[in-house]
Amino acid sequence: MNILIVDDEELQRTMLQGFLEKQGYRVFAAADGPEALQLFMAHPMDLVLLDHRMPMMSGDELLAKIKKINPMVRAMMITAFGAVDTAVRVMQLGADDFLEKPVDLELLLDKIRQLEEKIMVDQDVNHVEEAMNMDELPVRIAGDSAAMKELLSMVRRAAPTPWTVLIRGETGTGKELIARLIHRLSPRKEGPFIELNCAAIPENLFESELFGHEKGAFTGATARRRGVFEQAAGGTLFLDEAGELPLAMQAKLLRALQEKTITRIGGEQPLAVDVRIIAATNRDLKKMVDEGDFREDLYFRLNVIELELPPLRRRKEDLPALVDFFLERYNSRAVFDNEAMTQLAKYDYPGNIRELEHIIQRTITLARSATITMRDLPAEVRNFRGRQQTGNLNERLAELERQLLLDALEAADWVQTRAAAALGISERVLRYRMSRLGITRKK
Ligand SMILES: Nc1ncnc2c1ncn2[C@@H]1O[C@H](COP(=O)(O)OP(=O)(O)OP(=O)(O)O)[C@@H](O)[C@H]1O
Ligand SMILES: [Mg+2]
């Protein structure tokens, strides 16, 4: 196993290098980010140990760069003692683990051995492993595109923590599904999962909905009522469509999150509440912050861990698995013939997975036989000829690149060496681009 150590302190560097070499590892050492990148490009590394605070290029920046070059590389960040926010950020950037200073060598060795085992398992039984893990999930999730795998690995790491998660994604991409999955994978799984759809509550009822009210607190308050915070105690509160929170409520919500207490309307005593928050939105909260429609402090409070659900049109390799999944959900033995399947794959699904579900449901209900052909498909799918290109230059270039790579791979029967040669790029670059664009082989 090749290990790269990056640390600007010479003493620490040589100490770690000497120690790890004695354990039989092949160790490279760099004093700063640029030197580390050079070594990284020149030698295949399995693990990078990086200091968080370095001149020239910070550990964060370096980590992001090496993960971009090789998403499979393992990384361990060495952070200042007790810096929880750093640990969170480092995890978001894709570090597999972190160690606090001063480095405990026994612990380091332990962690490296664990990683080593994981790498070996991954390499050996990659496929079996993936399939098994998907089946073990407490919520069924179809699709195993690179994008989905990455998302699920982030979910796994986020679930056991107490941190707030913000799930972003277009309508119908599975935000609620993922929120439930996080809850079920968390230590709070035996507690309640309470959902509040912020778009569905009239502004004047919001506060009572969140925090509850005492009897007689206002006209119509004929009995005491508990709000969602109290209902979710010991569990998870899912704030759906969080972008629709009225500004006045944002301030109150922030206070509740900071102080971990709430007060019922008309109540005297603040009550302690223990809830984990997961928020979801299909809006660009960052932009709303810039435009003054969303409080920045609340945004940072919600966005401790951010998960982005890719739209279905960016992960069409999941389509066959999703179709099977919904056929099973509706107890159907129908089979889509080649032409129908191809047309399904062409369609762009503005309503994402929910729309696909409705399409399958409608198609199998109205189909004339168990074999579904083109003419059984709903008109909007059957007649779909591609939409006018939208998106900014980068998105359109990415789409184009994706198509070119897919065509080349298809033509080369997915033999990557041949596809790379046809495209005039190295296999390494091809693999990197495939992973960046979430391209995997369809089954
Ligand atoms: N990967 C998946 N595998 C199987 N089913 C999925 C998957 N993703 C989403 N679904 C299903 O698609 C439907 C829509 O998902 P969900 O309600 O979670 O989307 P959403 O992002 O919350 O949508 P909205 O923004 O409209 O609220 C649900 O029936 C859900 O079970
Ligand atoms: Mg939803």
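The values are calculated or read from the model by the stated rules, or taken from the named source; none is laboratory data. Note that the coordinates shown come from a computational prediction; the quantities given were computed from them, not determined experimentally. Glycine also receives a Cβ, built like all others from the backbone with ideal geometry; neighbour counts cover every protein chain displayed. These accessible areas exclude ligands, DNA and RNA; they are computed on the full protein's heavy atoms, side chains included. Shrake-Rupley method; radii C 1.70, N 1.55, O 1.52, S 1.80 Å.
Restricted to helices (runs of 4 or more DSSP H) entirely inside the range 16-124, those with at least 3 residues that are under 28 Å from residue 438 (Cβ atoms), in contact with a helix residue (DSSP H, G or I) (Cβ under 7 Å, 6 or more places away or on another chain) and open to solvent by less than 70 Å² (accessible area, probe 1.4 Å) are 33-42, 59-69.
Matching residues to (1) over 15 Å from residue 255 (Cα atoms); (2) buried (at least 22 other Cβ atoms within 10 Å of the Cβ); (3) not hydrophobic (A, V, I, L, M, F, W, C):
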residue	(1), (2), (3)
274	no, no, yes
282	yes, no, yes
295	no, no, yes
300	no, no, no
303	yes, no, yes
309	yes, yes, no
312	yes, yes, no
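Select from the range 363-406 the residues that are open to solvent by 60 Å² or more (accessible area, probe 1.4 Å) and modelled with pLDDT of 85 or more and list them in ascending order. 365, 366, 368, 369, 370, 371, 375, 380, 382, 383, 404 - these are the residues of the range 363-406 that are open to solvent by 60 Å² or more (accessible area, probe 1.4 Å) and modelled with pLDDT of 85 or more.
Restricted to the range 181-207, and to residues that are in a helix (DSSP H, G or I) and surrounded by fewer than 17 Cβ atoms within 10 Å (Cβ to Cβ), which residue is nearest to ligand 1 (Cβ to nearest atom)? Among those residues, the one meeting the criterion is 199.
Is it true that residue 195 is within 23 Å of residue 440 (Cβ to Cβ), at pLDDT 90 or above and within 16 Å of ligand 2 (Cβ to nearest atom)? No; evaluated as a whole, the condition is false for this residue. If a residue has to be under 30 Å from residue 397 (Cα atoms) and without any contact (Cβ under 8 Å) to a residue 60 or more places away in the chain to count, how many in the range 314-339 make the cut? Residues meeting the conditions: 5.
Taking every residue in the range 156-174 that is on the phi < 0 side of the Ramachandran plot and pairing it with any residue that is near ligand 2 (Cβ under 9 Å from one of its atoms) and hydrophobic (A, V, I, L, M, F, W, C), at least 6 positions away or on another chain, the pairs with Cβ-Cβ distances below 7 Å are 167/179; 167/280. Any residue in the range 220-236 that is hydroxyl-bearing (Ser, Thr, Tyr), farther than 30 Å from residue 359 by Cβ, assigned by TED's automatic domain parsing to the domain that holds residue 299 and surrounded by fewer than 19 Cβ atoms within 10 Å (Cβ to Cβ)? Yes; the residues of the range 220-236 include at least one that is hydroxyl-bearing (Ser, Thr, Tyr), farther than 30 Å from residue 359 by Cβ, assigned by TED's automatic domain parsing to the domain that holds residue 299 and surrounded by fewer than 19 Cβ atoms within 10 Å (Cβ to Cβ).
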